[in-house]
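Below is one structure, written out as structure tokens, with a few remarks after it.
Here, each number is a calculation from the coordinates, and none is a lab measurement. All values reported here derive from a predicted model rather than from experimental measurement. For neighbour counting, all protein chains shown are included, and Cβ atoms are generated from backbone atoms with ideal geometry for every residue, glycine included.
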Amino acid sequence: MNRKQLINGQSKQEVVKFFSQYHYKTELAALCRAHHLPAIGTKAELNARLRGAMLGTASNMAPTPTPTASRGRAQALTAFEITLDTPIAGSGFRFNAAAREFFAAYFHIRRFAYTKPMAIVKRQALADPSQRLTVRDLVTVYQQTQEPAAKKAFLANNAEEGTYEWNHFVRDFCADPATAQYQSKLKAAALLWRQVRQGHGEKRYRHALLADYSTLLRQYQPHQK
């Protein structure tokens, strides 16, 4: 199934195959527009919208409200007004100094720093208020992802994390000392990324890729005299 063949009548197997491949957010948005679906929101929301259309089930994932749109709906809460049962969406809860003060007091630490898993849960709460996520859910995800392995597992299983796969790939590619041999690291990384994102494996950089695609990468090595 190519990207121009959408949407109704696809088998579950075809849908699974489509989403097993990597798609840029711009590509997903273009597909949405072509088939009269909302084309705004996070990459996770676009994926959910297209998946629902392909399988014939409506997706209720609304676009994440922008900070500008959120302002004025509810006055920002103070640290004393925040409780574990405070809804994340629509209550005036913000990731601001007041919330940081609340979490610092709750965890009995001097300085509190928001984590990426917390930010993902907050965005999910804003995208779908019907989940009724609360500050308690933020506390839970913070506690459960303190260990690096647990945090990595959470991010790996979260659809939103796909948005950052290319950036992570380039970062890890450039951090490999063996890539110093290439005259244009970004072009070499992009070449490898095209191979990886169309495959069915993990969308991450591995040193072994340099050997696997050495023939293709040779064009970015200095010519030997």
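Worth a mention:
- Long-range amide H partners of Thr134 with built H, under 5 Å: Ile88
- Using a Förster distance of 30 Å, the FRET efficiency for Lys151-Ala190 (Cβ separation, nearest 0.05): 0.60
- Set Lys152/Lys185; Lys122/Lys185; Lys151/Lys187 screened for pairs whose C-alpha atoms are more than 28 Å apart: Lys122/Lys185; Lys151/Lys187
- Neighbour-count order for Tyr220, Tyr24, Tyr205, fewest beta carbons within 10 angstrom listed first: Tyr24, Tyr220, Tyr205
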